[in-house]
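Bear in mind that the values in this text are calculations on the coordinates, not laboratory data. Keep in mind the model is a prediction, meaning the values are calculated, not measured. Backbone-built Cβ (ideal geometry, glycine too); neighbour counts: all protein chains shown.
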Amino acid sequence: MSQPAMNRRSLAATVHGLASPVRLVALALAATALAHAPALWGGFLYDDLRDIVANPAAQATTFLERLPHTVRPLLKASYALQDAVHGVNAAAFHAVNIGLHLGAVVLVFLLVRRGVELAGLEDRANRIAILATLLWSLHPALTDTVSYVSGRSSGLSGLLVLAALVAATGRKARPWLAFLCAALAPLARETALVAPLLLLVFQATVGRGQPGSLRRAAPVWAGALVAAAVLAAMASHRDLVSFSLTTRGPLDALRANVFALPEALRLWLMPWEISILPRQPVIHGWDDPPTLIRSAALAFVTAAAIALRKRWPVVALAVLWTLMAMLPTNSVIWRVDPLALRPLYLAWARCPGTARRFIRTRWRCSPMPRSSPRMRPGRI
């Protein structure tokens with residue numbers, strides 16, 4: 001072999017080594033930790049004071065007493081546990097939030113890589129996964145979840161949802177882990193009940209060729225049903241749903257969210273317009289042109305993604321995942337502030353790499369046949 005050929009092979013081996021999954025994940029973790037480290041000196045801000053510092057359910061000495069009367073019991077348990085260990089130490093609370101986000105970074109990388117592999121581009125999976133992970137983990141919209149202690153509800157539940165999906169979609173499924181994570185996630189934030197639907201979207205798009213879909217999905221559905229039963233048994237959660245339904249009916253809530261959902265997605269694409277308190281959109285009547293146009297656009301995008309899920313599975317996954325993840329907060333349940341940033345934490349966990357993936361495959365991406373040796377699900 002000639003010397004130039006040997007040099008090229010050596011260079012290729014070096015580049016391949018630098019692009020190994022472990023090194024890429026380490027790069028993402030380092031960049032994310034560096035970006036969010038200033039939060040350690042942020043203290044308690046705004047809702048943190050009400051939800052943690054002055055909340056008896058978040059304090060070690062009164063947690064058990066207040067448990068039957070609170071919401072999101074796993075979230076409150078995490079606060080109370082920290083209070084028992086180190087007291088009201090803001091830096092320690094922020095450190096846990098950053099740690100949860102770093103855990104989610106690893107899971108997003110694994111899930112994106114797995115989806116790309118299942119779509120038939122295993123040779124590009126690591127590059128696409130690291131790009132998508134960095135675009136997601138460093139986006140300013142996630143600051144509301146990571147940098148505020150009270151944002152832990154989205155961070156903790158998002159981590160558990162991602163863990164459930166990674167456990168369910170692996171080359172070797174881990175049913176008990178998938179069940180446990182799916183059951184715990186809604187106890188941190190009730191919107192995590194959407195986990196089985198996110199798995200359904202994954203399986204209907206990039207995961208269509210993965211064997212044992214029902215066997216993989218069953219533990220996630222079972223975990224979500226157990227969590228739903230627990231939440232339904234808690235009077236505080238029933239009161240919360242009742243308050244939303246009596247404040248505004250489902251149709252009024254839906255009309256407001258027809259405007260809030262596109263605005264939230266716009267802020268993701270235009271991060272320079274993100275603020276601590278996003279300006280709520282102006283809501284029009286059902287028969288007004290702005291409402292009709294937005295409703296038609298959302299319906300068209302949803303229908304197109306469903307229709308094209310076999311031809312362009314990665315694009316369909318991005319669209320349907322985003323809409324499904326936003327469903328609990330931006331559909332028929334009224335929120336005082338329809339436009340919020342925290343729902344974007346999970347909604348965009350699968351989307352940042354889609355544009356690059358879409359362009360690189362020249363608008364066409366079909367799953368590899370099951371018999372193809374390239375189609376091997378990602379390895380944890």
Mind listing which trypsin sites (Lys or Arg not before Pro) in region 112-182 are in a DSSP loop and have 11 or fewer other Cβ atoms within 10 Å? 172
Would you mind calculating the gained length between residue 235 and residue 286 on full extension (0.36 nm times residue separation, minus the Cα-Cα distance), in nm to one decimal? 15.0 nm
Taking only Cα atoms and a 10 Å spring cutoff, compute GNM fluctuations for the chain and point out the largest among 303, 349, 163. 303
Who wins for biggest fluctuation among 328, 219, 211 in a Gaussian network model of the chain, springs between alpha carbons below 10 Å? 211
CD proxy, 222 nm, the chain: helix-only mean residue ellipticity via -39,500 (n - 2.57) per DSSP H run with n ≥ 4, per residue, nearest 500, stands at -20000 deg cm²/dmol
Using only alpha carbon pairs under 8 Å that are at least six residues apart, calculate the relative contact order of region 7-360 and give it in whole percent. 19
Candidates 89, 126, 330: whichever shows maximal mean-square fluctuation once the chain is modelled as a Gaussian network with Cα springs under 10 Å: 89
How fast does region 209-355 diffuse by Stokes-Einstein, in µm²/s, taking the Kirkwood radius from C-alpha pairs at 10 °C and 1.306 mPa s? 92
Could you state the angle between the C-alpha long axis of helix 73-86 and the longest principal axis of the C-alpha atoms of the chain, as a value from 0 to 90 degrees rounded to the nearest 10? 90
Projected-area mean, the chain, by convex hull of Cα positions, square nanometres: 21.4
So the FRET efficiency between residue 297 and residue 84, C-beta based with R0 = 45 Å and rounded to 0.05, is 0.35
On Cα atoms only, tilt of 152-169 relative to the major axis of the chain in degrees: 40
State the volume of the convex hull built on the alpha-carbon positions of region 63-197, expressed per residue in Å³ and rounded to an integer. 119
Sorted on mean Cβ neighbours within 10 Å (highest first), peptides 230-238, 242-250, 49-57 come out as 49-57, 230-238, 242-250
Remind me, relative contact order of region 151-290 in percent, using alpha carbon pairs under 8 angstrom and six or more residues apart? 20
Per-selection metrics, region 148-265 (Cα): Rg and Dmax in Å: 16.0, 46
